[in-house]
1. With charges only on Cβ, +1 for K and R and -1 for D and E, what is the dipole size of the range 1-93 about its Cα centre, in debye, rounded to 20?
2. Name the GluC sites (Glu not before Pro) in the range 225-277 that are in a loop by DSSP and that have at most 12 other C-beta atoms within 10 Å, would you?
3. To test your reading of the geometry: what angle, between 0 and 90 degrees and rounded to tens, separates the Cα axis of helix 185-194 from the longest principal axis of the chain?
4. Return a whole-number percent for the relative contact order of the range 1-109, with Cα pairs under 8 Å and 6 or more residues apart as the contact set.
5. Which of the listed residues, Leu106, Ile13, Ile199, is farthest toward the dipole's positive end in the chain, when Lys, Arg count +1 and Asp, Glu count -1 at the beta-carbon?
6. Suppose all protein chains stay in the model; what accessible area per residue would a 1.4 Å probe give for the chain, in Å²?
7. Could you work out how far apart the two model spin labels at Ser63 and Gln98 are, taking each label as a point 7 Å from the Cα in the direction of the beta carbon, and quote it in nm?
8. What do you get for the angle between helix 90-109 and the principal long axis of the chain? Use alpha-carbon atoms, 0 to 90 degrees, nearest ten.
Amino acid sequence: MRRILITGGAGFIGSSLADELLKDDNTSVTIVDNLLTGKTENIPNHENCKFVHCDVNDYTGLSAVMTSSNFDYVFHYAAVVGVKRTLDNPLMVLDDIQGIKNILELSKNTSVKRIFYASSSEVYGEPVELPQNEATTPLNSRLPYSIVKNLGEAYCKSYFKQYDLDYTIFRFFNTYGPKQSNDFVINKFIEMALENKDITIHGDGLQTRTFCHVQDNVDATITMLENDLHVNDVVNLGSDIAVTIKELAEAVIQSTGSISNIEHLAPLPEGDMRRRQPDISKMNAILQRDLMPLKDGLEKCVEHFVCKKVPISLEK
């Protein structure tokens, strides 16, 4: 039996990964989450899935989990997330440094084969070149969240050099899907649109993002796990098609058939980078297929949202 630990596994991406891993009967998954932003309803109801309510920043609690299970692989996805939450709670964000150290130290001590670390596009800061390539050394990360992710990458690389603990670093760009909280932009826009409320955008709406459906993220991740790809390497996981936030709002309105208008608010004082666009050459080579188009992904999210709210089929 292959034993896998996912920290932050009650969250959106972590639980989506667990769902897919558990399709293999020879895999057991343990989810550790403090439920700050994770939800118990995200946790797979599966005989090979175990949930432990634990904060990775608590060494004693995490040690009890890891020393009793002899995990083969660890996915460290636990973190304080969300632009507003991370801006409002900078010290809480910095506390996550302890969790990174705990995971790496216990992985080293319990003979974990490889740790997969969820970093972020935020490590690039405001880009000096596009597309953003993994070989680019991030130098202008300013906010606590981006600094912690950058430091986490350095810890992974250092534990490999010092202790030969293998790692793979994922730099996640905007990922979306059915389980994602309405705190994040796509599901937030969908909720507003379905209620025919004005969709609010900070600034002129011309800031660009790329949006990757969670299925593409998870498929690439599992392919790397199963085929020992990109060991001791950094991989961008995202889409390379840039979309302005205004264009995203318009696409959501079209997908939902809404009569919502777009309302422009004052720009955010910090944390809203103008551009995002990764180089996904590595991801494309891993998947060897096209990514899900944003239009198709939006339709899946809208269908899920409507079916969750009202038990009827969405008219096409």
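1. Working: 7 positive and 11 negative charges, 32 e Å.
Rounded to the nearest 20 debye, it is 160 debye.
2. Values: sites: Glu226, Glu247, Glu250, Glu263, Glu270; in loops: Glu270.
Of the GluC sites (Glu not before Pro), the ones in loops of the range 225-277 whose Cβ has at most 12 other Cβ atoms within 10 Å are Glu270.
3. It works out to around 40 degrees.
4. Values: 177 pairs, mean separation 32.4, N = 109.
Averaging sequence separation for qualifying contacts and normalising by length gives 30 percent for the range 1-109.
5. My answer, from the dipole projection, is Leu106.
6. On the way: 14530 Å² over 316 residues.
On a per-residue basis, the chain sits at 46 Å².
7. It works out to 1.4 nm between the two label points.
8. The two axes meet at around 40 degrees.
The values are calculated or read from the model by the stated rules, or taken from the named source; none is laboratory data. Since the structure is predicted, the reported quantities are computational estimates derived from the model, not experimental observations. All Cβ positions, even for glycine, are placed from backbone atoms using ideal geometry, and neighbour counts span all protein chains on display. To get the accessible areas, we keep the full protein, side chains included, count just its heavy atoms, and leave off ligands, DNA and RNA. Shrake-Rupley method; radii C 1.70, N 1.55, O 1.52, S 1.80 Å.
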